[in-house]
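Everything below concerns the one structure shown next.
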Amino acid sequence: MSLKNPTSYQPETKTVAIGSFTFECGQTLSHVELAYERFGPPDAPVVLVCHALTGNQFAIGSDDLPGWWAGLAGEHSPIDTTRYQVITFNVLGGCHGSTGPASINPDTGKPYRLDFPKVTIRDMVHAQYEALKQLDIDHVHAVAGGSLGGMQTYEWGLLYPEFMKRLIILAATPQLTDYGIAFNHIGARAIKDDPHFNDGDYDSNEKLQGFEIARMTGMVTYRSGKLFEKRFDRSQQDLSTYEIQSYLDYQGDKIKERFDANSYLYLLEAMNHHDIGRDRNGWTQAAGQYKAPILTISFEHDLLYPRDIIAHFTEHVPNGRHEHISTDYGHDGFLVEFERWGDIIQKHLE
């Protein structure tokens, strides 16, 4: 499938400044920017896509480098960029062009690192709302996202309930479970206890073996045991190394090339505190406040975001529909096999 449409538009990858921004923690930064990808006819209805933990704004990408949702979003795909324009922001606190811990503090001329304000999911959504205003967008057709992106979608529907016509939440619960917090804690401790971390003042990610371990821990929760068995079947690379070990080593090394460890820690913490019921009398009360129709999708073998919790939430919203996808991929099911469940997305958008 080609991502090109020479007759109508070119993809836009830019940064938008939203000026001064005050975080939920009370701290204010005088200058905040969000990087974004915008794809589709400029006069078409907007679908705002929110990315997951180590994702970025490149949901669709290019022919040479397809994005993380290419195939679900693109020309004549379920989120059809001949009918909609798709906008994805790199989250506040991220490390792919948006203001985050690796950004330069104008007051010191050095990276913020751990002096960056604590970020919440609600901060991310408020920042995106301000960015959309700068882009002269005062409403969207839909907001969609999975995992951390799903958490943002939950909050979009409560913070700005009149702003969208549809909500699509994939592989995310109304609050992060203790199980999810536990794995995040293991990853965070692995990074922080690495002597090269140096309280966040490291020169680069290259020496952070703790970051590798954090990523490997995450990968075990993103995929299912059944999928690992099918893919590796105890195969060995050599007499002392199993293929699954090499795979995890590769994933651990790869994350250091494309993600900032401090940013990873900030986003883990934001996920830990995700709870739509905070200051809203609990999540069941909050669920009744949604105005846009909601589609929730869960995935078989998802250790972090179980089907029963997502389905139970959907029963409490005024206009909700829940779908469960049978898959061996587990949590990462929202990133693959679009041909099996993309039509559910398409019908909800329509």
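Read the figures in this text as sums done on the coordinates, not as results from a lab. Owing to the predicted nature of the structure, the values given are computational and were not obtained by experimental measurement. Methodologically, a virtual Cβ is constructed for each residue, glycine included, from the backbone with ideal geometry; neighbour enumeration extends over all protein chains shown.
Listing for the model above:
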quantity: Ascending count of other beta-carbon atoms within 10 Å, so fewest first, for Tyr112, Tyr264, Tyr154; calculated: Tyr112, Tyr264, Tyr154
quantity: Listed values [x] 1.04; [y] 0.95; [z] 0.98, entry calculated as Rg/Rh (Cα atoms, Kirkwood Rh); calculated: [y]
quantity: Furthest towards positive pole of dipole, Pro101, Asn198, Phe58, structure part the chain, Cβ charges; calculated: Phe58
quantity: Around Glu12: net Lys/Arg minus Asp/Glu count, Cβ-Cβ under 10 Å; calculated: +1
quantity: Selected from Trp156, Trp69, Trp283 as most flexible by GNM, with the chain as the system and alpha-carbon contacts under 10 Å; calculated: Trp283
quantity: Calculated [θ] (222 nm, deg cm²/dmol) that DSSP helices of n ≥ 4 give over the chain, each run adding -39,500 (n - 2.57); calculated: -10500 deg cm²/dmol
quantity: ³J(HN,Hα), Karplus 6.51/-1.76/1.60, whole Hz, each residue of the range 325-336, x for Gly, Pro; calculated: 9, 7, 7, 8, 6, x, 4, 6, x, 6, 9, 9
quantity: Ser204/Glu269 FRET efficiency (R0 30 Å; Cβ-Cβ; nearest 0.05); calculated: 0.85
quantity: Inter-part distance where the range 262-292 and the range 16-59 are each reduced to a Cα centre, Å; calculated: 18 Å
quantity: Net charge dipole size for the range 180-271 [Lys, Arg +1 and Asp, Glu -1 on Cβ; Debye, nearest 20]; calculated: 520 debye
quantity: Cα Rg, Dmax, the range 180-271, angstrom units; calculated: 14.2, 42
quantity: Listed residues Ala214, Ala182, Ala35, most fluctuating in the chain (Gaussian network, C-alpha, under 10 Å); calculated: Ala182
quantity: Antiparallel bridge percentage (DSSP; both residues within the chain; nearest 5); calculated: 40 percent
